[in-house]
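Down below is the structure, laid out as structure tokens.
Just so you know, all these numbers are worked out from the coordinates, no wet-lab data involved. Here the structure is a predicted model, which is why all the values come from computation and not from measurement. Quick reminder, even Gly has a Cβ in these numbers, built from the backbone with ideal geometry, and neighbours come from all protein chains shown.
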Amino acid sequence: MAYVAPSIGIAGLTIPIYADILEELIIQKKAIYGEDIYLGVDTTDYQELSVFALMMYDALQTAQYAYNSRSPITAVGSGLDQVVKINGISRQASSHSTVDVEITGTVGITINNGQVIDSNRRVWNLPATVTIPAGGTITVTATAEDSGAIQALADTITRIGSPQSGWATVNNPDAASVGSPVEQDSQLRARQQVSTAISAVSPLDTLVGTVAGVEGVSRTKGYENDTGAVDANGIPAHSICIVVEGGESAEIAEAIFLKKTLGTGTYGDVDEEVTDAGGNVHTIYFYRVSEVEISVRITIASLAGYSAIVGESIKEAIADYITALDIGEDVVHTKLIAAASLWGTSEGETFTITSLELGRNGDSPLLEENVDIDFNEAAVCSVGTSPEDVELVVT
């Protein structure tokens, strides 16, 4: 298409693409030196114009990024970090996985800066000093050396990474509490949208927005029972129920206490005490989200162009759709089929879905029907780990 100068309109800032800039430079050069000038790709003049066009396009792209950084919808990276500060939130840093390990050794010895290693050769750091008490066994919390979602199943941390005299064995009876990577742009945008509800008209929206802004909180859902009787979710009369994922319990309770309306009760299975300015102690209740692992078995008929890569895309699309569902949102069978079909992509033309069965992990048999999710639950599904939650059958 023909070159169009950069402009700002209804769609925002529009810039010409590299090919259009190069074409315009060629046209202008011919206008100066005449149409008979040869500007084939093998000429130095063409190469020079290509360099100029690329530099211009790079500069325009930088302007595009700067323009997009004005809005959280289009900003990326550090630009998004800056713009969400207006809403009083910031990108969540990565966290480290932790796990309780049992250490045995000679009574009275002190292990300094100890390290242990799991079956995947990941290093876990012990507290700076660990002293073996009477009885010869102590349980301490080890922290993964690397940040992010470092997993360790029970009984897999059994190697001593920094042998010291008197230290005999190490083991983790339970699986690790998995850390999280640096918050992605899409996750930060989602939190920003929720945080704007802080100034909303509804008191419940305001409360949910405040809780969502607590450090470490990744998602939250609020329910209100303004009737005089217990509702279908078991929430007492004239009470609210907040379901939260992530964040420190004390900070969440503080946020709920500060934003809930007078006389409104709170409901949940987590209780935290909050002391007001007058020294009075109030007990705040809320729920931690319960993750429901969803198992899926999908059967497809392969067509021309199908490959194992397409199969992985199908499984990833299923897992991504399920994990993105909101707290309390059911897994709808027909919508899951739509997600698995890879509609609108070339990969979606290489197979047809013959059946898709699903259920809670452990359900038998899996069925071609919706999976109900309770108000304080959230559906999750994972692939790329062992065992996977999605089984693909190709016929």
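Miscellaneous remarks
- Computed magnitude of the charge dipole of the stretch 333-395 (debye, nearest 20; Cβ of K, R +1, Cβ of D, E -1): 140
- Percent of Cα pairs in the stretch 98-171 per distance bin of 5 Å, from zero to the largest separation: 3, 18, 33, 25, 14, 6, 2, 0.
- Lysine pair count for the chain (Cα-Cα distance under 24 Å; residues 8 or more apart in sequence or on different chains): 6.
- Computed over the chain with a Gaussian network model linking Cα atoms closer than 10 Å, the most mobile of Glu24, Glu369, Glu245 is Glu24.
- Note on Asp326 and Glu215: the extension gain reaches 38.0 nm, defined as 0.36 nm multiplied by sequence separation minus the Cα-Cα distance.
- Relative to the Cα centre, the charge distribution of the chain, modelled as +1 at Lys and Arg Cβ and -1 at Asp and Glu Cβ, gives a dipole magnitude of about 780 debye.
- Cα-projected label distance for Ile337 with Gln61, points at 7 Å along beta-carbon direction, nm: 4.2
- The stretch 33-82 and the stretch 293-359: distance between their alpha carbon centers, rounded to Å: 38
- More than 23 angstrom apart: percent of Cα pairs within the stretch 291-394: 21
- In a reduced charge model with +1 at each Lys and Arg Cβ and -1 at each Asp and Glu Cβ, the stretch 1-149 shows a dipole moment near 720 debye about its Cα centre.
- Net charge over other residues, Cβ less than 12 angstrom from the Cβ of Val310 (K, R count +1; D, E count -1): -3
- The stretch 1-64: C-alpha gyration tensor shape, a/c 1.5 cut-off, then a/b vs b/c: prolate
- Where the Cα pairs of the stretch 171-232 fall when distances are cut into 5 Å bins, in %: 4, 15, 19, 16, 13, 12, 9, 7, 4, 1, 0
- From the coordinates of this entry, P(r) over Cα pairs in 20 Å bins from 0, in percent is computed, and it appears in [x] 26, 53, 18, 2, 0; [y] 18, 35, 28, 12, 6, 1, 1, 0; [z] 19, 40, 32, 9, 1 under the label [z].
- Separation of the stretch 132-181 and the stretch 225-276, taken as the distance between their Cα centroids, equals 36 angstrom.
- Highest GNM mean-square fluctuation among Asp42, Asp185, Asp100, for the chain modelled with Cα contacts below 10 Å: Asp42.
- For Leu25, the shell of other residues with beta-carbons less than 11 Å away shows a net charge of -3, using +1 for Lys and Arg and -1 for Asp and Glu.
- Taking a sphere under 14 Å around the Cβ of Leu356 and counting the other residues whose Cβ falls inside, with K and R at +1 and D and E at -1, yields a net charge of -2.
- Choice from Phe351, Phe52, Phe257 showing the highest fluctuation, given a GNM over the chain with Cα pairs closer than 10 Å: Phe52
- Separation of the Val107 and Glu273 label points, Cα + 7 Å toward Cβ, nm: 3.7
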